[in-house]
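Bear in mind these aren't lab numbers, they're just calculated from the coordinates by the rules spelled out. These figures come from a predicted structure and were not determined experimentally. In this analysis, Cβ positions are derived from the backbone assuming ideal geometry, glycine residues included, and neighbour counts consider all displayed protein chains.
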Amino acid sequence: MAGSYGKMGAAVLSARACLRTGVGLLTMHVPRCGVDILQTAVPEAMVQADEFAENVSRVGDNIDQFTIGIGPGIGTDNKTKDLLSDLFDRCRKPIVIDADALNIIAEDESLKNKIPPKSVITPHPVEFDRLVGVVSVNGYDRLQKAKEFANRYDVYIVLKGAYSAVVTPERKVYFNSTGNPGMATGGSGDVLTGMIISLLAQKYLPQNAAILGVYLHGLAGDLAAKSKSQQGMLPSDMIEYIGKAYRALK
């Protein structure tokens with residue numbers, strides 16, 4: 001579930017990354033304004049049009065058959081807030097939550113307790129500080145808060161940054177060793193979201209989907225930087241190197 005008027009690029013990046021990471025079948029639930037964009041930019045994806053023109057606003061009737069990710073570019077419209085609450089009520093399997101979905105949760109304390117158990121959330125530092133309601137004074141302080149949050153709400157946290165960390169409900173922390181400063185650009189997180197959703201759909205456990213997704217994401221970024229330079233690299237470049245990142249693992 002992604003995109004809104006003016007932010008359909010986030011949906012395109014997530015979709016392409018999800019497919020490149022090996023998902024078998026992808027359905028994008030987008031506002032009606034984004035249908036033509038997705039059908040043209042990502043012809044491999046099926047598109048489910050929301051009844052609302054500019055934002056996603058309604059959960060479909062057949063969500064049980066999907067592995068779900070929500071957040072990239074969805075905005076924080078009131079109808080989208082209602083959609084997120086409805087999704088949490090109806091879906092009890094792990095989902096991937098990113099971007100504007102996290103901002104919506106940060107504004108409504110009641111939503112935190114409704115997050116499906118073992119879900120993966122992928123905040124950058126500012127989004128995480130909004131979630132906990134406190135600005136951390138340093139990275140160590142933020143990491144301690146992440147361990148508390150993961151344990152309390154039974155979620156996996158991908159705390160994005162120079163050395164991204166995956167924090168488990170058991171308060172364990174896994175630091176990632178791949179990635180470079182060229183990835184610190186708008187859209188990189190949308191790519192990561194698509195990759196983790198893809199791995200979760202391929203039956204990886206949520207912890208493993210998060211760890212492998214972050215590693216592959218950084219490795220694809222490292223390979224893209226060698227070709228494009230860190231300064232000239234775009235998130236779409238990372239997507240084109242996901243296949244080579246897989247080959248590097250083998």
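Which percent, to the nearest 5, of DSSP beta bridges fully inside the range 8-249 are antiparallel?
If I count the DSSP bridges inside the range 8-249, around 40 percent turn out antiparallel.
Go ahead and run the numbers for FRET between R130 and S227, Cβ-Cβ distance against an R0 of 41 Å, rounding to 0.05.
0.70
Tell me, V59, V35, V134 in order of fewest to most beta-carbon neighbours within 10 Å? List each step's numbers first, then the result.
Values: V59 22, V35 17, V134 12.
Final ranking by Cβ density, sparse to dense: V134, V35, V59.
Percent antiparallel among DSSP beta bridges with both residues in the range 109-182, to the nearest 5?
Bridges in the range 109-182 are about 75 percent antiparallel.
Determine the sum of side-chain charges near A224: Lys and Arg each +1, Asp and Glu each -1, restricted to other residues whose C-beta is under 11 angstrom from that of A224.
It works out to a net charge of 0.
List every residue whose amide H lies under 5 Å from the amide H of R58, counting only residues 5 or more places away in sequence or on a different chain, with H placed 1.01 Å from N in the peptide plane.
So R58 has HN proximity to E51.
For every helix of n ≥ 4 consecutive DSSP H residues, a contribution of -39,500 (n - 2.57) applies; sum these over the chain, divide by its total residues, and give [θ] at 222 nm rounded to the nearest 500 deg cm²/dmol. Display every interim value, and only then the final one.
Values: 11 runs with 120 residues, N = 250.
Only helices count here, giving -14500 deg cm²/dmol.
Residue by residue, what Karplus-based ³J(HN,Hα) values in Hz, rounded to whole numbers, does the range 62-72 have, using 6.51, -1.76 and 1.60 with θ = phi - 60° and x for Gly and Pro?
So the J values, rounded to whole Hz, are 10, 5, 5, 7, 10, 8, 10, x, 9, x, x.
Mean 1/r over all different Cα pairs, inverted: what Kirkwood radius does the chain give, in Å? Spell out each step's value before the answer.
Values: mean 1/r = 0.0562 Å⁻¹.
Hydrodynamic radius (Kirkwood, Cα only) of the chain equals 17.8 Å.
If you put +1 on each Lys and Arg Cβ and -1 on each Asp and Glu Cβ, how big is the dipole of the range 8-249 around its Cα centre, in Debye rounded to 20?
880 debye
Go through the range 164-172 residue by residue and turn each phi into a ³J(HN,Hα) via Karplus (6.51, -1.76, 1.60, θ = phi - 60°); whole Hz please, and just put x for glycine and proline.
4, 10, 9, 10, 9, x, 7, 6, 7
Go through the range 29-90 and name the GluC sites (Glu not before Pro) that are in a DSSP coil and have 16 or fewer other Cβ atoms within 10 Å of their Cβ.
Values: sites: E44, E51, E54; in loops: E44, E51, E54.
Here the sparse-neighbourhood loop sites are E44, E51.
For the residue pair A248 and L25, what label-to-label distance in nm results when each label sits 7 Å from Cα along the Cα-to-beta-carbon direction?
Here the modelled spin labels are 3.3 nm apart.
Helices from the chain with mean Kyte-Doolittle at least -1.0 and a Cα length along the axis of 24 Å or more, per DSSP H: which?
For the chain, where a helix must reach 24 Å along its axis and average at least -1.0, the hits are 206-228.
Which order results if Y174, Y215, Y140 are arranged by neighbouring Cβ count within 10 Å, fewest first? Mind showing how you got there, number by number?
Numbers: Y174 17, Y215 20, Y140 9.
By the 10 Å Cβ count, ascending, the order reads Y140, Y174, Y215.
Looking at the range 163-231, which trypsin sites (Lys or Arg not before Pro) are in a loop (DSSP not H, G, I, E or B) and have at most 14 other Cβ atoms within 10 Å?
Hits after loop and neighbour filter: R171, K172, K203.
Using 31 Å as the Cα-Cα cut-off, could you pick out the over-long pairs in K118/K228; K114/K160; K114/K226?
K118/K228; K114/K226
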